[in-house]
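Working notes, structure below.
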Amino acid sequence: MKRHQKKLRLALSFLIILLGAFWAGWIVKSATNIDPNDSWAWNDTIGWVDFYSANTVEVKGDKLTGYASSSADEISLDCATTPIGNICGTSQFQVCNGDSAGISCTAAADGDLSGCAWNDSIGWISFWCGDYDCNGGNTCGTSNYRVTIDGNGNFNNYAWNDTVGWISFNCADPAICGVSDYKVKTSWRAGYVTGNLESITFDMEKQGIINNLIWQGAQPSGTCVNFQIAVSNSDSGPWNYYGPGQSDSQYFGNSCPGPNEPIKISGTDRAWVNNYRYLRYKIFLQSNTLQDQTPRVDSVILNWSP
């Protein structure tokens, strides 16, 4: 059988526009990712702590940056982003997204916060009992607390300060939402960020079979690119995207193959992709857990035989 190879590329300008618009939500961020409608924590002594109005607080994959506002003045979450700039040369501190080891964050990006914030009036504010005094002291055996961020972006539980006591991040914890409905919420979510992009419809001009596909671009460490394929004998579809086993929950490239690595269509999958004239593919792109790196797909090559 004579084999033909069709090299299918989205026009480069078209691809850049789509990917640029999509990844803008990942890489180009506003000054804060705190919800303007849910931005309040509470303490019985200093009252409301506002995480939005300063327009600086950002939850990142490894730590929190910026500063919140309160009646006791600003509460700095990171020594590099205080109201007076970077003071890490004289006082190193940060609130970590994950565990902290001394002044370093382990970057677990799991929504379990640790480390300490600073306020000039009341001093250190501890986000985890594993470092209650911001000097390595552990009280988790007698006072087990930790500020967390759940899957919906809601802050939960309490931080501790030796001068003013507990700072509550969500009215659900003291069960007072019916009286005072408050919480701090972020658009950040734990784990990977994923997105997808569908190709245009390709006319192969006659019925045939897909042998493999290759993508070209860049894949930073910890990121992933996967594919699903849809085939039809009508240029209007229907377009049902499947991976191996004709499953809509599986992906060609589950092992996250890198650029220029052939992704083979083999075995039983050759049967359901066979003898169709039109095809589309859907690209699934996944960030690293820190959500600061994403893959980039420049082109896709399909090996097809009539």
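Annotation: peptides 179-187, 242-250, ranked by per-residue average of other Cβ atoms within 10 Å with the highest first, follow the order 179-187, 242-250. Across the alpha-carbon atoms of the range 131-190, the computed radius of gyration and Dmax are 12.9, 37 angstrom. Maximal additional length on extending the residue 162-residue 266 stretch stands at 31.1 nm, based on 0.36 nm per residue less the C-alpha distance. My understanding is that a pair violates if its Cα-Cα distance is over 25 Å; which of 185/282; 60/282; 206/264 do that in this structure? Check vs 25 Å cut-off fails for 185/282; 60/282.
Remark: 285, 113, 77 ranked as 285, 113, 77, counting other beta-carbon atoms within 10 Å and listing the fewest first.
Taken along the Cα-to-beta-carbon direction at a fixed 7 Å, the label points for residue 207 and residue 86 span 6.5 nm. Helical content alone sets the calculated 222 nm signal of the chain at -2000 deg cm²/dmol, taking -39,500 (n - 2.57) per DSSP H segment of four or more residues and averaging over every residue.
Separation of the range 242-291 and the range 138-183 by C-alpha centroid, Å? That distance is 44 Å. In this calculation the C-beta distance from residue 214 to residue 31 is compared with R0 = 41 Å, giving a FRET efficiency of 0.55.
In 5 Å bins starting at zero, report the fraction of Cα pairs in the range 170-221 per bin as a rounded %. Binned Cα distances yield the sequence 4, 9, 10, 13, 11, 9, 8, 7, 6, 7, 6, 6, 4, 1.
Here the spin labels are modelled as points 7 Å beyond Cα on the Cα-Cβ line, and at residue 140 and residue 232 they lie 5.4 nm apart. Here, the range 34-186 is characterised by an Rg to Rh ratio of 0.93, where Rg is the alpha-carbon radius of gyration and Rh the Kirkwood radius.
Take 124-130, 140-146, 82-88 and order them by the average number of nearby Cβ atoms within 10 Å per residue, most first; the result is 124-130, 82-88, 140-146. Using the average count of surrounding beta-carbon atoms within 10 Å as a protection proxy, the listed peptides 230-240, 53-63, 274-284 rank, highest first, as 53-63, 274-284, 230-240. Relative to the longest principal axis of the Cα atoms of the chain, the long axis of helix 12-27 makes an angle of roughly 20 degrees.
In this structure the amide hydrogen of residue 298, modeled in the peptide plane, comes within under 5 Å of the amide hydrogens of 216, 217, 218, none closer than 5 places in sequence on its chain.
Every read-out reported here was derived from the displayed coordinates using simple, explicitly stated rules and does not represent laboratory data. Values in this document were obtained by computation on a predicted structure and should not be read as measured data. Cβ: placed from backbone, ideal geometry, glycine included. Neighbour counts: every protein chain shown.
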